[in-house]
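S.K.: The following block contains the structure, expressed as structure tokens.
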Amino acid sequence: MANPIRKLLPSMFHRRLLLLAIGGAIVALVLSLQMLYLTTGKQTQFFRKKLNARLVNRSFLPTIRGRIVDRHGRVLAEDRSAYDVAMHYRLLSGRWAYRMAVRAAWRMDKTRWVELDQHQREQLIGQHLVGYENQVNQVWNILSKLTKITRLELMDRRNSVVRKVQHLKSYLWARRYAKRLVKSANPTTLADQAGPVAEEYEHHTVIDNIELQTRLAIQQYIDQADRNSPWHWVRLADSKTRVYPYETIDVMIDRSTFPPPLASTEPLKIKVAGLGLALIGTTRRMWAQDSYLKDKPFVLHRKNKDIAFDLSGYREGDVVGAWGIEKWKEKVLRGSRGQQVIEHQTGELSRTDPISGKTITLSIDIGLQARIDAIMNNEPAQSPGLMLQQPWHAKTPPHPLGTPLNGAAIVMHIPTGEILAATTVPSFSLDDLKHRDTSYWRSAKNKLRQPRMFRPIAMPYAPGSTIKPIVLVNAITDGKITSQETIDCKGPLDLSHPTRNRCWIYKLAMIGHGPLAGEQAIMRSCNVFFYTLGRRYGLKALASRYRLFGLGQKTGVGLANEHAGWLVDLSKKNRRHWSNADAIQMGIGQGPVEWTPLQAANAYAILVRQGKVVTPTFEKRVGITPIARQFKISSQAVKVALAGMRDVVSKYAGTANHLNLIKGKPKIFNLPNINLWGKSGTASTPKTSNPAAAGDHAWVICLASPKNKKRPQYVIVVVVEHAGSGGNVSGPIANQILHAMHIEGYL
Amino acid sequence: MSRTGQAIRTMLTPTAAWGAMFSGLALALIGILTISGSSEPAHAQQQFIWLGLALVATVLVMMIPPKAWGLIAYPLLIGTMLLLALLLLPGVPQAIVPIRNNARCWINLYFMHAQPSELAKIAFILALAWYLRFRKNYRTLSGLLVPFVIMFIPVILILKEPDLGSAMMFVPALFFMLVAAGAKLKHLIILVGLALAAVAFNIVIIYTLPDHLQILKSYQRQRIVDFIDREGDQQQTAMRLLGGGGLQGYGREQSALVLKYNYLPEDHNDMIFALIVNRWGWFGGMTVISLYATFLLSFLVVAARLKDPFSRLATVGFAGLIFCQAAINMAMPLSLLPITGITLPFVSYGGSSLLATFVMVGLVMNFAAHRPQILARPSFEYGHTNKK
């Protein structure tokens, strides 16, 4: 090979030049081929798509979240346009003043500037800095005057923004550093990764939701400002605020029908804060690891590295429901973003308007809810007294008189399963959320009070005697007893064991109720009668009957924090040591059974509907109510149970008929012209050394209807924790709820 | 005949160097057109003025006969070294040596910022050619030491500025000259092998050793890592712009629009090749590559026809320097090499670079036109035996 070349080019120098030329040609060929590879086929299409994507300026318009209204169309939550005052980080951090001072100093001494050392420069800058800082101070003073927010508060807000950005910066630096270490094991340092973050180039809200007049005044300052004025860096940001118009309202309470010691002819004004908040919920900003981002992301990365947008999708910082209805109905309330696309190539502008979220109509009547919240207020300063420990609550009240009591109430429309009101005590307000710190929410006191818990659906309690109508109806249906058959109550269930399974009357007066049929047993709430039925059933059969009434399972009301209650689990895994002794206890609502107020209301509604199960709901139903399932209940049994419950409230011997006051025995229920059925319950709680957790849970469950309707239309459940006797504690509360329902037009 | 007359006669003598001159001018005009569509369109006018000055400089260098260039080669190199040292002297005020991008590469001449490293390239090639012209000791491995030392002195000074890109360009020039001069290829292959091993070693160091044990600066390491990981913004954007041009390119207006919304740092300078392909497509890019190939070929033909060893080697050195610089620059947006701060000769914006490259063209035209009438002993002919 070498010889022909040598013959052709005898000169070595020429051969070397040829070698260099060939080398050059190879390099040129490689460059050409690589260029051909990049500029043809899929590669160029991909690059063009990337390049052209930048020729489109896409901005997104925020979605408008749907409204939440009550059953009468009153707005409970909605987005409202608002204006915020936002300032550029440069102004907040003091960098604007410094940069302006540097520029001014440079202009003054332009020619000498390069020769000055750092110290001399700083001295010159310092001379100008004061003036620019005064300009910024002037902005703060004007804002303080216009918005009536103190200068100190504004400085606090400024510091808070700066601190937040600094924290973010250090977090991002650390993350970048860690990422770089993992990705390429590059021997980098944290200082290498230090750099500005996007938030340093953005405006940050310092004052939100300003009034129109203030907005106009600030706008004038901004309009008049030139590029060198600090006002140039102030902006009025169009923002949306979620407002809850009924969150705090005043309610007038008529106390004339209260138990005599609390009654007054003077109405009482009660400020209800946080009305329905535990149910309706609030919104929050999304964080980086939010599940919504994974489930329905705003930016869709396709396989071919393409990017598409789901306008109804989520991205960090979006507003989503935090809990309650806002969270449960997130998909419906969400809506869809709008977008504005400017094609730089053609100058064409296209706009898609945002689609508002849908309106959710709740079954709740916010008027009724407000009245119940007011009735059940337990703040000693303004409470009407029903939720404070009173002398008639028990023979020996478990807590000092005047102690605030906790509890829940729920009102349900039986035919539709719609929940008209659901109150939890204690509750919390938006103000609490904003201003209370974590130590408040975590304090031992709050661990017991649990103000964030929505008790009507989330707190299970032992049912106590309120379960007895359910037991009776089942026993008659299943032939465990006939409607006329009597059981003789001698005090204890077994005379051979006089200290075990005793009737409440035996504990009180060492006597028994004597022979009782079902109706009287309900009226007198005889324990021995229902112990006997429990024993006749046996644990397994009784538990399965309870399950039919929705115990031990979620009702399906939809909210995330619903509790399934507790019912003995007889599956193999959980056999433990259950015996028929537990069935005896379950007959009177003690032992391995607990239900939430909602489950209690649901069970009573099933009883009234004679086995038809309707899923309870917080949403107003449209059209025919769907029947979830149905099972057989003897109509005769229901009749007997309802007759007993009528006697409970109407006959003197009934357990929820009258209060046991020192001076007299006034009737508990005093609303005329209604049909009323009821059952009280005093559920024992485990013995504890904590005095705050001592005392029985007091239940009352009422069924009511206007006089012209024979069948019960509404179920009202009231439970007060660790308070004393069911009828004496919860009875007057249920009575006031009936009055409230009357005022609101239900009875 | 007066010197001017001599120069005019020299210029008008048709030689292969005219091909290089034509290529250079064509490339410079392409550069000006491209700069006019870049993010700094105002620089196009400035570049046009520089081109005029560069052509004047070309004429000026042609007035001095080649032998005189040889005689002043060493003093010129020493003078350039002094200028490079001046850049690094701690006490020099910024008014004279301004700091740009943390680098001290320029001397403020008030009408322009001159880059001594550009002058150093010329001086180095002339000095090396002068040194190698009658020797043959570089055919031994130890004999290669002196040429490398001559190269390392300016390279180290330029690296201290720091300007890795400019410093790098001395290596291909040296290799071109050594290959042409007849240095043994196996020696050169060993040296290239060692250099590649050093590069590989450095990459291993980058990925394994902590910061304080690193040889390269952090931004240089970052560029290498970005190149390997295909992450660097600048390189990725340049590749997108280049690839997006397709076969025929976007055209002037569309290209300017695309560039406006796809910001590419140094688009009128180091990254100008991406703009050329974006505007004129693969055909435009091929035109540029062809012009560089023509340029290389012209210089090599000039070298082949010359008899004077100094002129021969200097011509090959200039060819190697300019062609390799162009090839490396074009390989960056093509994602074949990591980003280093070097310009595309003739095309990129910059007075010093344009002036230096046209001075090289002028020198080669000068050499080509001054072929000695009497045939000298042929140089760099070592036959096919391995005799030294």
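Any read-out appearing in this document is the output of simple, stated calculations on the displayed coordinates, not a laboratory observation. Values in this document were obtained by computation on a predicted structure and should not be read as measured data. Don't worry about glycine lacking a Cβ; one is built from the backbone with ideal geometry, like all the others, and counts go over all protein chains shown.
S.K.: Quick one: which residues, 5 or more positions from B:Tyr250 or on another chain, have an amide H under 5 Å from its amide H? H modelled 1.01 Å from N in the peptide plane, none for Pro or chain starts.
M.R.: Sorted by chain and number, the residues that satisfy this are B:Arg279, B:Trp280, B:Gly281.
S.K.: Ratio of region A:88-157's C-alpha Rg to 2.2 N^0.38 Å, to two decimals? Write out the running numbers ahead of the final one.
M.R.: Working: Rg = 15.1 Å, N = 70, 2.2 N^0.38 = 11.1 Å.
The reported ratio for this selection is 1.37.
S.K.: How compact and how long is region A:1-155, expressed as Rg and Dmax of its alpha-carbon atoms in Å?
M.R.: 34.6, 107
S.K.: Can you give the convex hull volume per residue for the Cα atoms of region B:236-371, as a whole number of Å³? Show your work: numbers first, answer last.
M.R.: On the way: hull volume 14.3 nm³, N = 136.
Taking the convex hull of the Cα positions in region B:236-371, it is 105 Å³ per residue.
S.K.: I want the local charge near A:Asp431. Using Cβ-Cβ distances under 12 Å, sum +1 for each Lys or Arg and -1 for each Asp or Glu among the other residues.
M.R.: For residues surrounding A:Asp431, the net value is +1.
S.K.: Top mean-square fluctuation among B:Val258, B:Val155, B:Val302, Gaussian network model of chain B, C-alpha springs under 10 Å?
M.R.: B:Val258
S.K.: Extension gain A:Lys434-A:Lys331, at 0.36 nm per residue separation less the Cα-Cα distance, in nm? Walk me through the intermediate numbers first.
M.R.: Values: separation 103, 0.36 × 103 = 37.08 nm, distance 2.59 nm.
Taking A:Lys434 through A:Lys331 to full extension adds about 34.5 nm, to one decimal.
S.K.: OK, next. For region B:67-170, max minus min Cα coordinate along each principal axis, in Å, sorted largest first?
M.R.: Computed over region B:67-170, the largest-to-smallest principal extents equal 46, 29, 21 Å.
S.K.: Right, another one. Quick one, what does Rg over Rh come out to for region A:498-644 if you take C-alpha atoms and the Kirkwood Rh? Walk me through the numbers on the way to the answer.
M.R.: Values: Rg = 17.0 Å, Rh = 17.0 Å.
Rg divided by Rh gives 1.01.
S.K.: Report the percentage of all Cα-Cα pairs in chain B whose separation exceeds 38 Å, rounded to a whole percent.
M.R.: Numbers: 14368 of 75078 pairs.
So the portion of pairs separated by more than 38 Å is 19 percent.
S.K.: Which order do the peptides A:537-545, B:91-99 take when ranked by the mean count of other beta-carbon atoms within 10 Å per residue, highest first?
M.R.: Highest to lowest by the protection proxy: A:537-545, B:91-99.
S.K.: Looking only at other chains, what is the average number of their beta-carbon atoms within 10 angstrom of each beta-carbon in A:37-47? Could you put the intermediate results ahead of the total?
M.R.: Working: counts 3, 13, 16, 4, 2, 0, 5, 9, 3, 3, 10.
Going residue by residue through A:37-47 and averaging, the value is 6.
S.K.: Hey, another quick one. Please list, short to long, the whole-number percent of alpha-carbon pairs of region A:601-747 in consecutive 5 angstrom bins beginning at zero.
M.R.: 2, 9, 16, 19, 19, 15, 11, 6, 3, 1, 0
S.K.: Right, something else. What is the Cα centroid distance between region B:122-182 and region A:665-721, reported in whole angstrom?
M.R.: That distance is 103 Å.
S.K.: For B:89-96, what's the mean count of beta carbons from other chains sitting within 10 Å of each residue's beta carbon? Intermediate results must be reported in sequence, preceding the final value.
M.R.: Working: counts 0, 0, 0, 0, 2, 3, 3, 0.
Average neighbour count from other chains, rounded to a whole number: 1.
S.K.: If you don't mind, another one. Taking N as the number of residues in region B:12-52, what is its alpha-carbon radius of gyration divided by 2.2 N^0.38 Å?
M.R.: 1.39
S.K.: Here is a further query. Please go through region B:231-336 and write out the GluC sites (Glu not before Pro) that DSSP classes as loop and that have at most 10 other C-beta atoms within 10 Å. Please list the in-between numbers first.
M.R.: On the way: sites: B:Glu231, B:Glu253, B:Glu266; in loops: B:Glu231, B:Glu266.
Of the GluC sites (Glu not before Pro), not one in the loops of region B:231-336 has a Cβ with at most 10 other Cβ atoms within 10 Å.
S.K.: Still on this structure, please answer the following. Let me see the P(r) profile for region A:1-46: every Cα-Cα distance counted, bins of 10 Å, each bin given as a percent of all pairs.
M.R.: 25, 30, 20, 15, 10, 0
S.K.: Over chain A, what per residue volume does the convex hull of the Cα atoms give, in whole Å³?
M.R.: Per residue, the Cα convex hull of chain A comes to 298 Å³.
S.K.: If you don't mind, another one. Quick check: Cα centre of region A:95-170 to Cα centre of region B:252-280, how many Å?
M.R.: The two parts, judged by their Cα centres, are 38 Å apart.
S.K.: To continue, here is another question. How large is the Rg to Rh ratio of region A:309-376 when both quantities use alpha carbon positions and Rh follows Kirkwood? Could you put the intermediate results ahead of the total?
M.R.: Details: Rg = 18.9 Å, Rh = 15.3 Å.
Dividing the radius of gyration by the Kirkwood radius yields 1.24.
S.K.: On to the next question. Taking the Cβ of A:Asp79 as the centre, find all other residues whose Cβ is under 9 Å away and add up their charges (Lys, Arg: +1; Asp, Glu: -1). Before the final figure, lay out each step's value.
M.R.: On the way: positive: A:Arg65, A:Arg67, A:Arg80, A:Lys240, A:Arg242; negative: A:Glu78.
Once positives and negatives cancel, what remains is +4.
S.K.: For A:26-33, what's the mean count of beta carbons from other chains sitting within 10 Å of each residue's beta carbon?
M.R.: Values: counts 0, 11, 10, 2, 4, 13, 8, 1.
Per-residue shielding by partner chains comes out at 6.
S.K.: Mind listing the phi-derived Karplus ³J(HN,Hα) values for region B:78-85, rounded to whole Hz, using 6.51, -1.76 and 1.60 with θ = phi - 60°, and x for any glycine or proline?
M.R.: Values, residue by residue: 5, x, 5, 4, 5, 4, 4, 5 Hz.
S.K.: In deg cm²/dmol and to the nearest 500, what is the mean residue ellipticity at 222 nm of the protein assembly as shown if only DSSP H runs of at least 4 residues count, each as -39500 (n - 2.57), divided by the residue total?
M.R.: On the way: 43 runs with 555 residues, N = 1135.
After summing the helix terms and dividing by residue count, I get -15500 deg cm²/dmol.
S.K.: Consider all pairwise Cα distances in region A:451-571 and report the whole-number % of them above 16 Å. Intermediate results must be reported in sequence, preceding the final value.
M.R.: Numbers: 4749 of 7260 pairs.
Of the Cα pairs, 65 percent sit more than 16 Å apart.
S.K.: For chain B, modelled as a GNM with alpha-carbon contacts under 10 angstrom, which of B:Ile49, B:Ile339, B:Ile189 fluctuates the most?
M.R.: Sorting by GNM fluctuation, first place goes to B:Ile189.
S.K.: While we're looking at this one, here's another question. Normalised by the empirical 2.2 N^0.38 Å for globular proteins, what value does the Cα Rg of region A:1-91 take?
M.R.: Numbers: Rg = 34.6 Å, N = 91, 2.2 N^0.38 = 12.2 Å.
So the Cα radius of gyration is 2.83 times the expected 2.2 N^0.38 Å.
S.K.: Then there is this: Please compute the Kirkwood hydrodynamic radius of region B:153-249 from all pairs of different C-alpha atoms, in Å with one decimal.
M.R.: Details: mean 1/r = 0.0615 Å⁻¹.
Computed over Cα pairs of region B:153-249, the Kirkwood hydrodynamic radius comes out at 16.3 Å.
S.K.: With the calculation restricted to Cα positions, what are the radius of gyration and Dmax of region B:44-123 in angstrom?
M.R.: 14.7, 40
S.K.: Let me ask something additional. What number does region A:193-252 give for Rg over Rh if you use C-alpha atoms and the Kirkwood radius? Walk me through the numbers on the way to the answer.
M.R.: Working: Rg = 17.4 Å, Rh = 14.9 Å.
The Rg/Rh ratio comes out at 1.17.
S.K.: Of A:Arg99, A:Arg255, how do they rank once you tally other Cβ atoms within 10 Å and put the fewest first?
M.R.: Least to most surrounded, the residues fall as A:Arg99, A:Arg255.
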